[in-house]
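*Asks:* Sharing a structure here in structure tokens format.
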Amino acid sequence: MADLLQRAHAPLSSDEWQQVDLLVKEIAQQHRLARRFMPVFGPVGAGHHVVPRLVLSGAASASVENAGQGDTPIVVSERTQVPLTLVHKDFCLHWRDIEYARQSGLPLDLAAAAAASAACAAREDDLILRGDKTVGIEGLSNAAGRRTMTRRDWGVGGHAFLDVVDAIDRLTTEGFYPPYALICSPNLYACLLRVYGNAGVLELTQVRELCTAGVFQSPYVTSALLIAVGPHNLDLVIGQDMTTAYVGSADLDYTFRVMETVGLRIKRAGAICALMPRTSSPTHRVRRGVPEEAMGVGD
């Protein structure tokens, strides 16, 4: 991979490359959301364009009997290929900044590299949660076969907790077991930051007791998703994990590229339950502690 990254042609020393690699990795870990709850498969290699996906079907519950004569097996109902999409962002370093760092003995200012890493991490989450039709990627929020439920008004205390309970009950009944992760829009996440009833704790704390894989907020989710986490349900395939390559120079500025290749494999879409509002207005906003009905919006 070192030759493909063209690092031998870059104006950076090995120590400076080490600084870049450490910073890009650190910023990516800080900003990634989906990898906090999703199983990761790989890296399988930068050269892979696609990976196989096995869609599973069949009764999810196990049988109990004395004779052990027969069962409905979980089978592969579909075999497809999932593309490993290239996510990348370029950044530039000016020759004077590099020379200044070397002459002064100060660390090289790599803010541009950090910004590129953050942009790639955000785009990765966007792909996972919303997908991208232009590159043939299906996201968690629009996956075919996902479960959907109409949620209550989260502007009313206790409604978010009740919705999570109902969604978990539905997934469990259909054979999709814990751990569960909940991903909310920022507006709905803010509704969880209230004291729950007379318990003296935040509603968020109560929800976390049910969603042990984590409760998260993301701008790439318009409502809320409850997901039964596990590699038998879905995973994220890494081709080339995030790294930095040298692109070239122009006008004495040096261009670099932060990049990775990733692909989402949804093996059992029924493990995803989307909690949808009764209104689908794109301008719909929920203010913390204010019922949606008070803003003229049905829950």
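*Asks:* Could you tell me whether the stretch 64-85 includes any residue that is over 23 Å from the mean Cα position of the chain (by Cα), at pLDDT 90 or above and outside any helix (DSSP H, G or I)?
*Replies:* Checked against the condition, which is being over 23 Å from the mean Cα position of the chain (by Cα), at pLDDT 90 or above and outside any helix (DSSP H, G or I), the stretch 64-85 yields no hits at all.
*Asks:* Then there is this: For residues that are buried (at least 17 other Cβ atoms within 10 Å of the Cβ) and at positive phi, tally how many sit in the stretch 196-220.
*Replies:* Residues flagged as buried (at least 17 other Cβ atoms within 10 Å of the Cβ) and at positive phi within the stretch 196-220 amount to 0.
*Asks:* Any residue in the stretch 145-168 that's free of Cβ contacts under 8 Å to residues at least 24 places away in the same chain: show its pairings with residues that are of a type in the set (A, V, I, L, M, F, W, C) at Cβ separation under 7 Å, as long as the two are six or more apart or on different chains.
*Replies:* ASP166/MET149
*Asks:* Test each condition in (1) closer than 15 Å to ARG265 by Cβ; (2) touching a helix residue (DSSP H, G or I) at 6+ places or on another chain (Cβ under 7 Å) for SER141 and report the one that comes out false.
*Replies:* Condition (1) is where SER141 drops out.
*Asks:* In contact with a Lys or Arg (Cβ under 7 Å, 6 or more places away or on another chain), assigned to a loop (DSSP other than H, G, I, E, B) and of a type outside the set (A, V, I, L, M): is that true of TYR177 in this structure?
*Replies:* no
Residues checked against (1) outside any helix (DSSP H, G or I); (2) modelled with pLDDT of 95 or more; (3) of a type outside the set (Gly, Ala, Ser):
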| residue | (1), (2), (3) |
| --- | --- |
| ALA160 | no, yes, no |
| ALA167 | no, yes, no |
| ALA181 | yes, yes, no |
| LEU204 | no, yes, yes |
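*Asks:* Got a sec? Which of ALA199, ALA245, ALA228, ALA181 is touching a helix residue (DSSP H, G or I) at 6+ places or on another chain (Cβ under 6 Å) and among the small types (Gly, Ala, Ser)?
*Replies:* The unique qualifying residue is ALA228.
*Asks:* Right, next: Which residues, taken from the stretch 86-127, are of a type in the set (A, V, I, L, M, F, W, C), within 24 Å of PHE37 (Cα to Cα) and assigned to a strand (DSSP E or B)? If you could, list the steps in order and put the result at the bottom.
*Replies:* Here is the first cut: in the stretch 86-127, the residues of a type in the set (A, V, I, L, M, F, W, C) are 86-87, 91-93, 95, 98, 101, 106, 108, 110-116, 118-122, 127.
Still in the list and also within 24 Å of PHE37 (Cα to Cα): 86-87, 114-116, 118-122, 127.
Hits for the stretch 86-127 are LEU86, VAL87.
The values are calculated or read from the model by the stated rules, or taken from the named source; none is laboratory data. The shown structure was predicted, so the numbers you read here are calculated from the model rather than taken from an experiment. With ideal geometry, Cβ positions are generated from the backbone for all residues, glycine too; neighbour counts draw on all protein chains shown.
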